[in-house]
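For reference, the structure discussed in these notes is given below.
All of the numbers you see were taken from the coordinates with simple rules; none came from a lab. Since we're looking at a predicted model, the values are computed, not measured.
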Amino acid sequence: MSKTIGIITGSLRKGSFSGSIADYIKNNAPAGYEIKTIDISGLPLYNQDYDEVNPKEYVTFRDEVKALDAVLFITPEHNRSIPAALKNALDIGSRPYGQSVWNGKPGAIISQSPGGIGGFGANHHLRQVLAFLNVLTLAQPEAYIGAYHTLIDENGALSNEDTQKFIDGFLSAFADWVEKVS
Ligand code: FNR
């Protein structure tokens, strides 16, 4: 039976570079894996009062994440950290206390930027949060994809062959990691 990797992107933007990487991965999933996109754009801003009332968007999101075999985060960098929408999703999944949907889930991170350091700051801030949430995050290879705007075609699709090969290798390592820690 195939396993499911959920992709959560840290960008809500139409034509997002993170979404472009997600599209490439959806079309090039590792053998034996299905890819499911988890949409975080409609999640109300986390408020601890909601632990009592559970908004329906939170329930759906938590159920979707719980059902995954692994989670892959693809994110831009906002002011050397992760976008607020992504932190919001991480916080929502972590509550109510003791019922975190992240606990023990295999994970991996790809960061991207038009800049030269490929979202290193976001990647490592995310790594810090995931360590606390007990997401079993792939350590190597790391994925910081710089100058992303130069790697796409006129439709925004990832077209650079070296980057495609790099992502293929990254996914293969992630699949091995998921098998190892599951
Ligand atoms: C950015 N961007 C950015 N880039 C970067 O390399 N380091 C940074 O600290 C920031 N900071 C930042 C803050 C804010 C508020 C915005 C809107 C943008 C640029 C941004 O991360 C870049 O355009 C991403 O590649 C866009 O990714 P998506 O949204 O297309 O997936």
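Here the contact order of the range 25-182, divided by its residue count and restricted to Cα pairs under 8 Å and six or more residues apart, works out to 22 percent.
Please report the antiparallel percentage of the DSSP beta bridges confined to the chain, to the nearest 5.
Numbers: 2 of 21 bridges.
Percentage antiparallel, nearest 5: 10.
For Gln112, nonlocal amide neighbours, meaning residues 5 or more places apart or on other chains whose placed amide H falls under 5 Å from its own, are Thr75, Glu77, Ile145.
From the square roots a ≥ b ≥ c of the eigenvalues of the alpha-carbon gyration tensor of the range 1-95, which class results: rounded (a/c under 1.5), prolate (a/b over b/c), or oblate? If you can, show how the numbers build up before the last one.
Details: a/c = 2.43, a/b = 1.29, b/c = 1.89.
Oblate, because a/c is 1.5 or more while a/b does not exceed b/c.
Considering only Ala31, Ala22, Ala143, the Gaussian network model of the chain with Cα springs below 10 Å gives its largest mean-square fluctuation to Ala31. Against the chain, whose longest principal axis comes from its Cα atoms, helix 56-66 is set at around 60 degrees.
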